[in-house]
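Worksheet for the structure shown next.
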Amino acid sequence: MRTQVAIVGSGPSGLLLGQLLHLSGIDNVIVERVSRDHVLSRVRAGILEEGATDTIRATGAGERMDREGLPHDGFELAFSGRRFRLDLHALTGKRVMVYGQTELTLDLMEAREAAGLETFYAADNVQPHDFDGDNPYLTFSIDGADQRIDGDFIAGCDGHHGVCRKSAPDAAVTVYEKVYPAGWLGILAEVPPVSEELIYAGHPRGFALCSMRSRTRSRYYIQCAVDDRVDNWSDEAFWDELRRRLPPDAAEAVTTGPSFEKSIALLRSSVAEPMRFGRLFLAGDAGHIVPPTGAKGLNLAASDVHYLHEALAEHYAENSDAGLDAYSARALARIWKAERFSWSMTMLLHRFADMGDFDLRVQRAELDYLAGSDHAAAAMAENYVGLPY
Ligand code: APR
Ligand code: PHB
């Protein structure tokens, strides 16, 4: 089989890219390791920057997001028993959209299916080949039958554990990484959120986050140990611990109920450079990950895809490789700023075992500074709503 762009991975990066390429008249095929249902069962973040919502609308799959998504004009920071609101809209003129990644993935899959584009799910042993030359191709197998897709380009949208980044020669890749000594235990529950907006809470017992998926569905997180396990936490224990970490008025307002999803995510920052190896291009988590504190993972996937689509469209429409040549540096310039922001929000709000009294005083001073300075608040807001593409 032959296509123009062979895409590995049907997460948000692969699906967004496939849809944008299709609308630019560029043929593409997606090859995904797991089943469609498996992709849709993964619970991930849910905060979209305006740049990401623009990119999603450009795919034609933004209708349900605009109907059901919740625009948020601000969020709260809580610490030392206090709460203060960061007015994103007043500080930046922008807002964010609460819309779950799972819903977005479903919308993009349905748009892809409606357009009749080919996706191979449950593909085993996916392997990119010959991307150093002019004729790259993918091999994989479906139900034991060998398959091959030849393309002009391969897009590695296969997440942090994917095969594409690992296929580049070791000497060609540098990975910059930071591992934080904590995880996030998250639950989903069919209960109304404690507040209209998100609350990020720093507390001596550890970080907590009150988020949501809709007006009736809440997403809550508490910082936990890296070796903690979901089985250690009954719903009751989770709710008790969450309430302990929130200011009293917020704690009292929490509506509890049975959770229907519970999982632990570890906190890690990682960037692979470059994002291009000949005719293989990385986008999204395949190239970089962030700790979830700044809600940047999905948004970086959207900006990478925006740049990569523009570059590929320029290649086919104008016979120019300027965009492809600039892709890695252009994407990385934005990625590093989001990495910096995610790291700084993580360090601001968590308690890590290796933090001494000095670190904790600095943390407190920074929160006081944010609460008391419009300049500091504006800098945080500018990053939270997303730096321009
Ligand atoms: N072959 C084919 N597909 C693969 C392979 C492989 N060897 N390895 C992984 N995949 C698939 C995964 O099953 C997944 O569906 O690639 C997809 C990658 O999707 P994501 O991990 O969602 O990454 P991305 O699309 O870049 O989206 C980034 O999603 O993961 C979150 O927190 C992340 O919000 C961020 C956003
Ligand atoms: C989420 O709703 O899952 C969420 C929200 C904000 C974050 C991280 C996760 O910073």
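List of remarks:
- Those residues of region 290-324 which are in contact with a Ser or Thr (Cβ under 6 Å, 6 or more places away or on another chain) and either outside any helix (DSSP H, G or I) or farther than 20 Å from Thr59 by Cβ (or both), in sequence order: Val290, Pro291, Thr293, Gly294, Lys296
- The single condition among (1) out of contact with any His (no Cβ under 9 Å at 6 or more places or on another chain); (2) without any contact (Cβ under 8 Å) to a residue 60 or more places away in the chain; (3) over 22 Å from Ala6 (Cα atoms); (4) surrounded by 14 or more Cβ atoms within 10 Å (Cβ to Cβ) that His129 does not satisfy is (3).
- Filtered by the rule that a residue be near ligand 1 (Cβ under 9 Å from one of its atoms) and either assigned to a helix (DSSP H, G or I) or open to solvent by 10 Å² or more (accessible area, probe 1.4 Å) (or both), region 264-289 gives Ala265, Gly284, Asp285, Ala286, Ile289.
- Ser195 vs. criteria in contact with a Pro (Cβ under 6 Å, 6 or more places away or on another chain), in contact (Cβ under 8 Å) with a residue 24 or more places away in the chain and of a type in the set (Gly, Ala, Ser): no
- When the criteria are applied in full, Arg112 meets the requirement of being within 27 Å of the chain's Cα centre (by Cα) and of a type in the set (Lys, Arg).
- Taking the numbered list (1) within 16 Å of ligand 1 (Cβ to nearest atom); (2) part of a loop (DSSP other than H, G, I, E, B); (3) free of Cβ contacts under 8 Å to residues at least 40 places away in the same chain; (4) surrounded by 13 or more Cβ atoms within 10 Å (Cβ to Cβ) in turn, Lys166 passes all entries but (2).
- Filter pass, Asp27 being at negative phi and either free of Cβ contacts under 8 Å to residues at least 60 places away in the same chain or in contact with a Ser or Thr (Cβ under 6 Å, 6 or more places away or on another chain) (or both): yes
- Among the residues of region 140-163, those identified as more than 11 Å from ligand 1 (Cβ to nearest atom) and open to solvent by 30 Å² or more (accessible area, probe 1.4 Å) are Ile142, Asp143, Gly144, Ala145, Asp146, Gln147, Arg148, Asp150, Asp152.
- For region 233-292, the set of residues classified as of a type in the set (Ser, Thr, Tyr) and within 16 Å of ligand 2 (Cβ to nearest atom) consists of Ser259, Ser263, Ser269, listed by residue number.
- From the options Val39, Val43, Val31, residue that is within 16 Å of ligand 1 (Cβ to nearest atom), within 14 Å of the chain's Cα centre (by Cα) and assigned by TED's automatic domain parsing to the domain that holds Tyr307: Val43
- Candidate set: region 208-250, residues that are among the basic types (Lys, Arg), within 15 Å of Gly186 (Cβ to Cβ) and surrounded by fewer than 19 Cβ atoms within 10 Å (Cβ to Cβ); chosen: the one nearest to ligand 1 (Cβ to nearest atom): Arg217
- Any hit, region 344-351, residues being over 20 Å from Phe131 (Cα atoms), open to solvent by 10 Å² or more (accessible area, probe 1.4 Å), of a type outside the set (Phe, Trp, Tyr) and outside any helix (DSSP H, G or I): yes
- The residue that is nearest to ligand 2 (Cβ to nearest atom), counting only those in region 38-56 that are more than 20 Å from Tyr121 (Cα to Cα) and either exposed (fewer than 14 other Cβ atoms within 10 Å of the Cβ) or of a type in the set (Asp, Glu) (or both), is Glu49.
- Odd one out for Pro292, checked against (1) open to solvent by less than 10 Å² (accessible area, probe 1.4 Å); (2) of a type outside the set (D, E, K, R); (3) within 24 Å of the chain's Cα centre (by Cα): (1)
- Test result for Trp184, in the same structural domain as Gln363 (by TED's automatic domain parsing), within 16 Å of ligand 1 (Cβ to nearest atom) and aromatic (Phe, Trp, Tyr): yes
The values are calculated or read from the model by the stated rules, or taken from the named source; none is laboratory data. All of these numbers come straight from a predicted model, not from anything done at the bench. A quick note on method: Cβ atoms are made from the backbone with ideal geometry, for glycine too, and the neighbour counts reach across all protein chains shown. For the accessible areas, the whole protein counts, side chains as well, though only heavy atoms, and no ligand, DNA or RNA atoms are used. Shrake-Rupley method; radii C 1.70, N 1.55, O 1.52, S 1.80 Å.
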